[in-house]
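Beneath this line is the structure, given in structure tokens, with notes to follow.
The values are calculated or read from the model by the stated rules, or taken from the named source; none is laboratory data. Computed from a prediction, not measured in an experiment: that's the story for all the values here. Methodologically, a virtual Cβ is constructed for each residue, glycine included, from the backbone with ideal geometry; neighbour enumeration extends over all protein chains shown. Side chains are part of the model used for accessible areas, which takes the heavy atoms of the whole protein and leaves out ligands, DNA and RNA. Shrake-Rupley method; radii C 1.70, N 1.55, O 1.52, S 1.80 Å.
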Amino acid sequence: MKIIDSEDKAWFFLNENDNYYIDVNCNYSFVGFTMLIQLSKIEINEYKNQGKEYLNSLAKDIQQYALSHYKDRNIKGDIERMANEAIIEFLEENKDKV
């Protein structure tokens with residue numbers, strides 16, 4: 001899994017083969033959590049047309065509706081582990097660039 005893009009303290013955009021994922025930092029009351037969502041074909045097309053602007057919009061939507069519209073799309077298991085490993089590696093490689 002590879003990080004394609006990110007927005008500091010907001011989201012990471014990843015891909016594995018032909019699959020694209022967004023890992024979004026969310027908050028509900030005083031609890032912080034992340035949601036890993038696989039992009040649909042429509043969402044991938046929107047990303048290809050609008051780029052990072054679309055990812056920012058999608059992340060805001062996920063943050064707002066995480067526990068309703070997106071909760072069933074939240075990925076757990078091996079894909080989540082691979083995404084977390086890629087994010088940790090990315091953060092370690094870029095820690096001096098902040």
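Here are the numbers for the structure shown:
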| quantity | calculated |
| --- | --- |
| Label corresponding to volume of the Cα convex hull per residue in Å³ when calculated from the structure given, among (i) 160; (ii) 106; (iii) 174 | (ii) |
| 20 Å Cα-Cα reach of residue 2 towards lysines, excluding residues that sit fewer than 8 places from it in its own chain | 41, 48, 52, 76, 95, 97 |
| Surface accessible to a 1.4 Å probe, residue 8 within the full protein complex, Å² | 120 Å² |
| Exposure ranking of 53, 43, 89, 7 by accessible area [1.4 Å probe, largest first] | 53, 89, 7, 43 |
| GNM flexibility winner over the chain from 47, 70, 28 (Cα, springs under 10 Å) | 28 |
| Helical contribution to [θ] at 222 nm, DSSP H n ≥ 4, -39,500 (n - 2.57), averaged over the chain, rounded to 500 | -13000 deg cm²/dmol |
| Formal net charge of residues neighbouring residue 51 (Cβ-Cβ distance under 14 Å; K, R +1; D, E -1) | -3 |
| Efficiency of FRET between residue 4 and residue 69 - r from beta-carbon atoms, R0 25 angstrom, step 0.05 | 0.60 |
| Sparsely packed trypsin sites (Lys or Arg not before Pro) within the stretch 22-98, loop by DSSP, other Cβ within 10 Å at most 15 | 76 |
| Efficiency of FRET from Cβ geometry, residue 16 and residue 53, R₀ 22 Å, rounded to 0.05 | 0.40 |
